[in-house]
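One structure below.
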Amino acid sequence: MTTETLFRIHLVLGYVAWLLCFGTYVWPWLRLMDGRDAHRAIATLHSFRFFGLVFILPGVVSPDLPAGFAVFAAWGDFATGVLAMLALLTVRIRTLFWLFVVAFNLAGTVDLVVDYYDAIQVGLPAHAEWLGSTYAIPVIYVPLLMITHVSAFYFLARSRLGADVAAPAGAG
């Protein structure tokens, strides 16, 4: 079996396993929370994305890992992690909290989508050895990050829809 095939199997099964786990344990728990607390839980997970800087740490990944992939992935993760931490730090300042929630989810989603695109462009699935010890990040960690971003957007849309529905009812 080729490296590319194994990488793709790992990636797909990473999503399947996390969707099963998330759907069984995390999603029911998040849905019971108010929106702010659900977003705080998601931000807490994403606050660890500073770890993405490991892609540019010499000796951890192969020197053959293309800089075009590694640099954007590292700094995109770092920026998302900082924005998530800022959301957590501003939870009592409503406007700032929601601004940072939207910001880290947008930045994080764009980061992951661009990373997928860049990985395909540089042939990363066929050269997974370039990732070295960071191999687990795209196949185990990234699926959970993407799933929680989608969930966060769902909660943002749900709260916005709830506000739109409640406003006319309360206006009368």
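Positive end of the dipole of the chain (Cβ unit charges, origin at the Cα centre): among 143, 46, 28, the Cα lying farthest that way belongs to 28. For residue 80, the shell of other residues with beta-carbons less than 14 Å away shows a net charge of -2, using +1 for Lys and Arg and -1 for Asp and Glu.
State, as an integer percentage, the relative contact order of region 33-81 based on alpha-carbon contacts under 8 Å between residues 6 or more apart. Display every interim value, and only then the final one.
On the way: 39 pairs, mean separation 23.5, N = 49.
Across region 33-81, relative contact order equals 48 percent.
So what are region 51-163's ellipsoid semi-axes, whole angstrom, largest first, if each one is the square root of 5 times an eigenvalue of the alpha-carbon gyration tensor?
Working: eigenvalues 182, 43, 21 Å².
They are 30, 15, 10 Å, listed from largest to smallest.
Keeping all protein chains in place, calculate the accessible area per residue for the chain (probe 1.4 angstrom), answer in Å².
Values: 9410 Å² over 172 residues.
The answer is 55 Å² per residue.
The values are calculated or read from the model by the stated rules, or taken from the named source; none is laboratory data. Bear in mind that the values here come from a model prediction, so they are computed numbers and not experimental data. Neighbour counts run over all protein chains shown; Cβ positions are idealised from the backbone, glycine included. Areas reflect the complete protein model, heavy atoms only, side chains present, ligands, DNA and RNA absent. Shrake-Rupley method; radii C 1.70, N 1.55, O 1.52, S 1.80 Å.
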